[in-house]
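Novice: The structure that follows is given in the form of structure tokens.
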Amino acid sequence: MLAKPVFAQQKDSLRYPISDRRGDAISSKQKNPFDIVDTALIKQSLEYDPITKQYYIKEKIGRLDYRKPSSISFNDFWSLQNKKAEQDYFKKRSDALFLLNKKTVRPPMQTYNKLFDRLF
């Protein structure tokens, strides 16, 4: 019988494991609410190269590259931008409808002792 290798990968012991992003910052958004978002130290830049018709996404901390630069095609980038704009539009619209349909809170009725003395 063979012994277990020392380098066997162990499972993460966290209840809600945190994983690193595997793609670029635009097309692969994390949906895990427990993941920590990128800090303000990480500067993202988006550059367009008209010769190759590609958008290049660079992430840096200071002058050093934080991640390897990635690229996305022109059509893919604009389809993602259109999808995001459409989601933002419908979110704003639903928020506006929610505020319009919300019942107003009426202040409590104030009663005075003199009122009851006059009535009764």
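Novice: If a/c stays under 1.5 just call it rounded; otherwise compare a/b with b/c (prolate if a/b is bigger, oblate if not). Do that for the range 16-92, with a ≥ b ≥ c from the square roots of the Cα gyration tensor eigenvalues.
Specialist: Cα axes put the range 16-92 in the oblate bin.
Novice: Return the subset of LYS53/LYS84; LYS29/LYS58; LYS29/LYS83; LYS29/LYS84 for which the Cα-Cα distance in this structure is over 19 Å, preserving the input order.
Specialist: LYS53/LYS84
Novice: Cβ neighbours within 10 Å, averaged per peptide: list 77-88, 97-108 in order, most packed at the top.
Specialist: Top of the packing list down: 77-88, 97-108.
Values quoted throughout were computed directly from the atomic coordinates according to the rules given, and no laboratory measurement underlies them. The model shown is predicted, which means the values in this text are computed figures rather than measured ones. Heads up, the Cβs are rebuilt from the backbone with ideal geometry, glycines too, and the neighbour counts pull from every protein chain shown.
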